[in-house]
Every structure is written in structure tokens, then in C-alpha cells.
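The values are calculated or read from the model by the stated rules, or taken from the named source; none is laboratory data. Everything quoted here is computed from the prediction, not taken from an experiment. Counting neighbours? That spans all protein chains shown, and the Cβs are built from the backbone with ideal geometry, glycine included. The area values use the complete protein model at the heavy-atom level, side chains included, leaving out ligands, DNA and RNA. Shrake-Rupley method; radii C 1.70, N 1.55, O 1.52, S 1.80 Å.
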Amino acid sequence: MSDEVAARLALAEALAREAGAMALRMRDDLGPVESKSPIDFCTAADHAVEAMIRARIAAAFGDAVIGEEEGGEAADSVWVVDPIDGTANFIHGGPRWCISLAWMRRGRVELGVIYQPREGRLFSARRGQGAFLNGARLSVSHLAHGAAPLVEMGWSERRPLASFTEALHRLTEQRFEFRRHGSGALGLADVAAGLNDAYAELHINAWDVLAGLLLVREAGGVVNDFLANDGLTRGNPVLAATPEIAPRLSALLGIPLPEPVEMAGSETP
Ligand code: LIP
């Protein structure tokens with residue numbers, strides 16, 4: 001049987017670059033933004049990028065797609081796509097936004113690609129074969145920096161603001177540094193790259209995280225079982241961390257980790 005994962009990984013990397021170039025072009029003539037909630041917006045670029053990605057996947061493989069803007073249904077062979085993650089940053093003109101693509105086969109994430117066009121960073125992982133940034137192998141930090149652990153925490157209106165601020169308070173009490181940057185996918189990619197020591201959010205969607213969670217596992221990190229309890233369609237909390245702080249963060253944030261805590265290259269849910 002031909003290597004169907006390799007063929008899809010090659011398409012995902014090419015698609016991420018093409019989608020990134022499309023989003024950059026459209027940024028120059030953004031048009032009106034569409035409000036999904038008082039702080040959650042999308043643009044014509046989000047819709048156009050997702051439509052292009054869907055069309056190219058259909059032409060190449062005929063696989064199902066679940067996307068942030070047009071939705072979709074689970075299937076044995078399904079892509080999970082965020083056309084522009086970090087849309088608020090994209091709208092405001094900042095660099096911290098990306099394209100995120102993951103492919104699942106029979107319920108297991110086999111590949112993930114995240115591309116940040118403004119910084120030229122292409123993150124890529126295939127299950128069991130490591131995580132890479134522009135071809136260079138990645139590793140989580142293992143706290144090699146010797147400073148306070150840095151946790152990026154996301155938040156959306158899907159959870160009360162108090163739950164977020166209480167979590168920040170607990171992190172601070174435990175001498176963790178924290179940041180919020182508005183793109184869960186890039187927050188996870190930076191854990192895989194050792195630039196964040198952890199990423200957490202009390203509720204986030206599958207299209208924001210599936211590629212990034214595979215990157216973190218393949219870079220030697222620990223992640224929660226995001227797909228449990230229908231996480232693919234309902235979303236879930238997310239926790240991804242360098243192993244040295246994963247148990248403490250799990251207890252502090254109330255996000256369970258699978259037992260035993262597995263390292264990169266083992267079975268991915
Ligand atoms: C974003 C997520 C981020 C979350 C933001 C937003 P979007 O996705 O990646 O983790 O905290 O509120 O949901 O909407 O930019 O694709």
C-alpha cells in the first residue's frame with residue numbers, strides 16, 4: 001500500500017504555504033470583519049482560505065474536512081483545519097497568526113502542520129517520526145533555561161473570565177510565568193520548539209489544537225487526551241507541557257493527564 005500519510009503530509013505542507021500566501025494577500029484589503037461574539041471575529045480571508053483548502057483536499061484525496069468556518073463531520077479519514085488561527089491578531093495586523101492542519105485516520109492524529117506566514121515558520125510532524133521547524137528537529141524545553149517556567153494560557157468566552165483569572169492567580173502563586181497571545185496553535189507549536197514550557201486553555205476547539213498537540217508529543221512533551229468525550233466536535237480543555245512540570249500543571253489547572261505519562265513516539269490517541 002502506498003504511504004498515504006507521506007502523501008498527505010506533503011500536501012499539508014504545500015497547502016499551508018499556499019494558504020499563508022493567500023491570507024497575506026487578502027490582509028491588504030481585509031474588508032468588513034464578521035462578529036461571532038463581542039470578542040470573536042472572522043474575515044473574508046478565513047472563509048476564502050478554508051474554501052481553498054477544502055477544494056485542494058477534495059481534489060487530491062476526497063477526504064472529509066472539519067473546519068472552523070464551515071464545520072464538518074468526523075470520518076475514518078478526516079482533516080481538521082483552522083484556516084487562520086489567531087484571527088484577532090490577523091485583523092489587528094500583528095504577526096501571531098497561522099494556518100493549522102491535522103489529518104486523522106480512524107480516530108488517531110497521523111500528521112500536523114502549522115505555518116506562521118509573517119515569520120516564515122513551518123512546523124511539521126508525522127506520528128512517531130518527530131517534530132520539525134523548517135526541517136530542524138524540535139525538542140520541548142526540559143526547563144533547560146533555568147528560569148521560571150513560562151506557561152501560555154489561552155482564553156475565550158466559552159469559559160467565564162473568572163476561571164481564567166483564577167488560573168493565572170494559581171500559576172503566579174506557584175511561581176510560573178504566564179502569557180496570553182491569542183493563537184492556541186502557535187502557543188502549542190512554541191511548546192514543541194521549547195519557547196513555551198506549557199500551553200493550557202480551559203476550553204478550546206479541535207481545529208486550534210490537533211496539529212499542535214502532535215507537535216508537542218513528537219518533541220518529547222506531555223499532552224492531555226484532548227479527543228476524550230467527543231473532543232473532536234465539542235472541544236475540550238487542553239494542556240501540553242515539558243514533562244518536568246506536566247503533573248504540577250495538571251493538578252493546578254484540573255486538567256487530567258493520561259496514565260502512564262507517555263513520551264514522544266509512542267501511541268498517539
Ligand atoms: C483562537 C484560539 C485561541 C483562543 C482564542 C481564539 P481563532 O482561535 O486559537 O486559543 O484563546 O480565543 O479562539 O478564533 O483565532 O481561530
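Data table
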item: Residue-count net charge about His142 - beta-carbon cut-off 10 Å; Lys, Arg +1, Asp, Glu -1; result: -2
item: Radius ratio Rg over Rh of the stretch 142-209, counting only Cα atoms, Kirkwood formula for Rh; result: 0.97
item: 222 nm mean residue ellipticity, helices alone, for the chain (DSSP H n ≥ 4; -39,500 (n - 2.57); rounded to 500); result: -11000 deg cm²/dmol
item: Ratio Rg/Rh, restricted to the stretch 3-137 and using Cα atoms, in which Rh is the Kirkwood radius; result: 0.96
item: Alpha-carbon Rg with Dmax, taken over the stretch 80-199, Å; result: 15.2, 42
item: Calculated FRET value between Asn229 and Glu259, using beta carbons and R₀ = 22 Å, to 0.05; result: 0.85
item: Accessible area in the full protein assembly, largest first, 1.4 Å probe, for Tyr199, Tyr115; result: Tyr115, Tyr199
item: Whole-number accessible area per residue in Å² for the stretch 95-196, which is evaluated in the context of all protein chains at 1.4 Å; result: 43 Å²
item: Stokes-Einstein D for the stretch 150-253, Kirkwood Rh over Cα pairs, 20 °C, 1.002 mPa s (µm²/s); result: 161 µm²/s
item: Kirkwood-type radius of the chain, with distances r between different C-alpha atoms, in Å; result: 18.3 Å
item: Share of Cα-Cα pairs in the stretch 1-62 lying beyond 15 Å, as whole percent; result: 58 percent
item: By average C-beta atoms within 10 angstrom, highest first, the peptides 186-198, 45-57; result: 186-198, 45-57
item: With every protein chain in place, the chain: carbon and sulfur % of accessible area (1.4 Å); result: 53 percent
